[in-house]
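Values quoted throughout were computed directly from the atomic coordinates according to the rules given, and no laboratory measurement underlies them. Because the structure is predicted, anything quoted here is derived from the model rather than measured. Note: ideal-geometry Cβ built from the backbone for every residue, glycine included; neighbour counts use all protein chains shown.
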Amino acid sequence: VREAGGDNIVSLSNATHKAINRKSIIEKRLLLALDQQNLKVFYQPQVDIHTGKILAVEALVRWEDDQIGVVKPEELIPIAEETGLINNIGTFVIEEACKQAVKWHKEGLDLKVTINLSVREFRDKNMAKSILTTLENTQCPAKLIQIEITEKFALEAEAETSIIKQMRQLEEEGIVFILDDFGTGYASFRYMQLLPIETLKIDQTFIQSLLQSEKAQRLIHGMVQFGKSMNLTVLAEGVETKEQQQLLQEYGCDAIQGYLISKPVAEDVITKLMVSSVN
Ligand code: C2E
Ligand code: CA
Ligand code: CA
Ligand code: CA
């Protein structure tokens, strides 16, 4: 790239160039997808470790674009956060989740829906209010909704009174907060005192290491005990094997989520899973 009028040549590597290009394509297509409601939400069960009963499902955004194909959340979410479109994704997912929660509720299925929110979304001073408005508009009882925030979020929220206030406001209405990705390196235990967290979700990287060493086992056992000693519900994510489940159960973990139970699936599959487990 030769800058106009200058003689200094800014040469971007081919890879950088491609990445920038891809990002701007995703941004454009995402705007369109949001406009045309082309995003979808899949749901993954969070089950009682003892009974296998589905307690809640985590809403995870899915996007397959006509032109660029499937864009995975791990690529989509960072770009959306950078461009601010995460707020639009959030609005969409929250509304979908509330509508679906109400639908299940009306079908007599006892099931909560968990949504993921990023710190960027809570920087909007009206976030809590807009969530409460969505609950009202969809006639969704607050107790059906849980919100996952990441440990990174917690660290940043600690310094921002307005975020803490909004979280407390939502908690007072009956919404439960789950601390996602627990243990991934932003450990500052102060947020435990400041934020209204009800559940600790042990990050899947720990669960993946569970069967590899005794050291890993002691670490994860300690994490579960820590959560229990704080009177929190402990949930483990990324549970793929029966062996992992058994160890976690021995440690006193309350709930699990992962491929052992189910991958994220469309809502009708959840309905079938629920109905077959009720009967
Ligand atoms: P997360 O919140 O930590 O979600 C867990 C991820 O692990 C999901 O990936 C899920 O499909 C995957 N997973 C679940 N069980 C297993 C398992 O047993 N083994 C393995 N290997 N993986 C498992 P997904 O759906 O691709 O989402 C990736 C990340 O994108 C999420 O991580 C979350 O941080 C973000 N994300 C997804 N949807 C949303 C959304 O609507 N809003 C926001 N802010 N973030 C979202
Ligand atoms: Ca999550
Ligand atoms: Ca997680
Ligand atoms: Ca994660």
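Take every pair of alpha-carbon atoms less than 8 Å apart whose residues are at least six positions apart; their mean separation over the length of the range 1-112 yields a relative contact order of 20 percent.
Counting every other Cβ atom within 10 Å of each residue's Cβ, 223, 167 order from fewest to most as 223, 167.
Each helix, a run of at least 4 DSSP H residues, gives -39500 (n - 2.57); summed and divided by the residues of the chain, these come to -15000 deg cm²/dmol at 222 nm.
Short-range pairs are left out: with C-alpha atoms under 8 Å and at least six residues apart, the relative contact order of the range 78-221 is 19 percent.
Measuring between their Cα centroids, the range 14-55 and the range 134-181 lie 21 Å from each other.
What the phi angles of the range 33-49 give under the Karplus curve with 6.51, -1.76 and 1.60, with θ = phi - 60°, is a coupling list of 4, 5, 5, 8, 6, 8, 7, 10, 10, 9, 10, 10, x, 10, 10, 4, 5 Hz, glycine and proline written as x.
Loop exposure criterion: chymotrypsin sites (Phe, Trp or Tyr not before Pro), DSSP state outside H, G, I, E and B, at most 12 other Cβ atoms within 10 Å. Applied to the chain, the longest stretch between such sites is 1-188.
Computed from Cα atoms, the angle from the helix 86-106 axis to the main principal axis of the chain rounds to 30 degrees.
Full extension of the chain segment joining residue 95 with residue 21 gains 23.5 nm, where the gain is 0.36 nm per residue of separation less the Cα-Cα distance. Here the dipole of the chain is about 80 debye; that uses its Cα centre as origin and unit charges on the Cβ of Lys and Arg (positive) and Asp and Glu (negative). Cβ screening of the chain for cysteine pairs under 4.7 Å finds these without a partner: 253.
Once you keep just the Cα pairs under 8 angstrom separated by 6 or more residues, what percentage relative contact order results for the chain?
17 percent
Over 30 Å between Cα atoms, which of 72/106; 125/272; 129/272; 106/152; 152/263 qualify? Where the Cα-Cα span goes over 30 Å, the pairs concerned are 72/106; 125/272; 129/272; 106/152.
Amide H contacts of residue 252 (H built 1.01 Å from N, in plane; Pro and chain starts excluded): no residue 5 or more places away or on another chain comes under 5 Å. Give me the angle, in degrees from 0 to 90, between the Cα long axis of helix 214-229 and the longest principal axis of the Cα atoms of the chain, rounded to the nearest 10. The answer is roughly 80 degrees.
If you add up the charges near residue 110, with Lys and Arg at +1 and Asp and Glu at -1, over every other residue whose beta carbon is less than 14 angstrom from its beta carbon, what do you get? Walk me through the numbers before you get to the answer.
Working: positive: 53, 103, 106, 112, 143; negative: 48, 107.
Local charge sum for residue 110: +3.
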